[in-house]
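Down below is the structure, laid out as structure tokens.
The values are calculated or read from the model by the stated rules, or taken from the named source; none is laboratory data. Keep in mind that this is a model prediction, so the values were computed, not measured. So basically every Cβ, Gly included, is an ideal-geometry build from the backbone, and we count neighbours across all protein chains shown. When the accessible area is computed, the model is the full protein with side chains, heavy atoms only, and any ligands, DNA or RNA have been set aside. Shrake-Rupley method; radii C 1.70, N 1.55, O 1.52, S 1.80 Å.
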Amino acid sequence: MFPRPFDVVIVPSDSTHDFAPTSPPLITTGQTILFQWETRGEVLSVVAPGTGGTWLWSLAGPTYVGIVEGDPTQGAVWIRRPKPAKGTAFTAADGSRWVYPAQPHGLYRCWQAGTVHAEGLAHRSEIDGLVAD
Amino acid sequence: MTELIDDPDWDWIPVTDGSVVEVGDTILFGFSGQWDIASIDTVPNGAGGTTYTFSDGVTPVMVDWPPLTTPPLYTRSQYVVTDHPPVGTEITLSDGSLWVFAASKTYRCIVGGSTYPAGTVLTRALMVP
């Protein structure tokens, strides 16, 4: 990947399109480009929303301190959590059953399909409503 | 749909209720948009690189390249959006690896290179150019 200050990349996933990494010198007119902005840091302070649903967080990143604002219901915010213990079992919001196998790829394994997820591997970030059994 | 790459030590969990975020947590905030590039302007950025301004005729996007040594609050990445190729299409990456597009909408590495071993399965977005 391109040099990045973070070790986490938000990846587009689409059943119809490819999203191939590119760089500004390679972009030409006529192309369709997805631009993606991201920031990550430790939360220094939290301001709860008023009527608009927008939270304010001040973040300390590797080389900056700044304020971001967002409405979590729009799906733009993720929180970092430690991995569970090897073999921990879960049930997701769609009824699918999962286990964390603690493999180097860090993926969860679905062993019983639900209404959304089929059997197979998935990133934790893709699985909604995961609760330990 | 957007996914995050999990690493062996940490999960990244979508936040739907802002009240779960507390001081001391590490969070990631991201957003994206798609542009049909109609024009491109370039000017030196004074830091030894170039500021590219891409526009769809309505909203410009400015990107410094190479990325500035001291990153701004937000980092930016960019992806070319294209239709999936036919199943069975082969592509070669800069590391010398050979990949085939599979019915699962992912690419399978069939000949390893200096970065990827044979058998690796990835979406296009995760593969080096």
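Observations, loosely collected:
- Residue check, residue A:45 closer than 22 Å to residue B:43 by Cα and modelled with pLDDT of 85 or more: no
- Residues satisfying the stated conditions in the stretch B:36-65, i.e. facing another protein chain (nearest Cβ under 8 Å) and under 30 Å from residue A:80 (Cβ atoms): B:61, B:63, B:65
- Filtering the stretch B:89-101 to residues that are outside any strand (DSSP E or B) and open to solvent by 30 Å² or more (accessible area, probe 1.4 Å) leaves B:89, B:94, B:96.
- Residue A:61 being within 25 Å of residue B:61 (Cβ to Cβ) and either out of contact with any strand residue (DSSP E or B) (no Cβ under 7 Å at 6 or more places or on another chain) or of a type in the set (Asp, Glu) (or both): no
- Some residue of the stretch B:66-85 being within 7 Å of chain A (Cβ to nearest Cβ), among the basic types (Lys, Arg) and part of a loop (DSSP other than H, G, I, E, B): no
- Total residues in the stretch A:91-133 satisfying the condition of being assigned to a loop (DSSP other than H, G, I, E, B), farther than 18 Å from residue B:13 by Cβ and open to solvent by 40 Å² or more (accessible area, probe 1.4 Å): the figure is 6.
- Residue check for residue A:57: away from every other protein chain (no Cβ under 11 Å) and assigned to a strand (DSSP E or B): no
- The residue list A:74, A:112, A:36 contains one member that is closer than 22 Å to residue B:125 by Cα and either touching a Phe, Trp or Tyr at 6+ places or on another chain (Cβ under 7 Å) or of a type outside the set (Val, Ile, Thr) (or both), which is A:36.
- Among the residues making up the stretch B:1-31, those that are crowded, with 18+ Cβ neighbours inside 10 Å and of a type in the set (Gly, Ala, Ser) are B:18, B:30.
- Among the residues making up the stretch B:41-65, a single one is loosely packed, with under 14 Cβ neighbours inside 10 Å, part of a strand (DSSP E or B) and hydrophobic (A, V, I, L, M, F, W, C): B:43.
- Per-region count, the stretch A:62-74, residues in contact (Cβ under 8 Å) with a residue 24 or more places away in the chain and surrounded by 14 or more Cβ atoms within 10 Å (Cβ to Cβ): 2
- Any hit, the stretch B:71-81, residues being over 16 Å from residue A:12 (Cβ atoms), in contact with a Pro (Cβ under 7 Å, 6 or more places away or on another chain) and surrounded by 15 or more Cβ atoms within 10 Å (Cβ to Cβ): yes
- Scanning the stretch A:27-55 for residues that are within 19 Å of the chain's Cα centre (by Cα), open to solvent by less than 70 Å² (accessible area, probe 1.4 Å) and not hydroxyl-bearing (Ser, Thr, Tyr) yields A:34, A:35, A:36, A:37, A:38, A:40, A:41, A:43, A:55.
- Pairs meeting the criteria (first residue in the stretch A:77-90 and over 13 Å from residue A:125 (Cβ atoms) and part of a strand (DSSP E or B), second residue among the basic types (Lys, Arg) and open to solvent by 30 Å² or more (accessible area, probe 1.4 Å), beta carbons under 8 Å, at least 6 apart or on different chains) are A:89/A:97; A:90/A:97.
- Some residue of the stretch B:102-119 being within 9 Å of chain A (Cβ to nearest Cβ) and either touching a Cys at 6+ places or on another chain (Cβ under 9 Å) or of a type in the set (A, V, I, L, M, F, W, C) (or both): no
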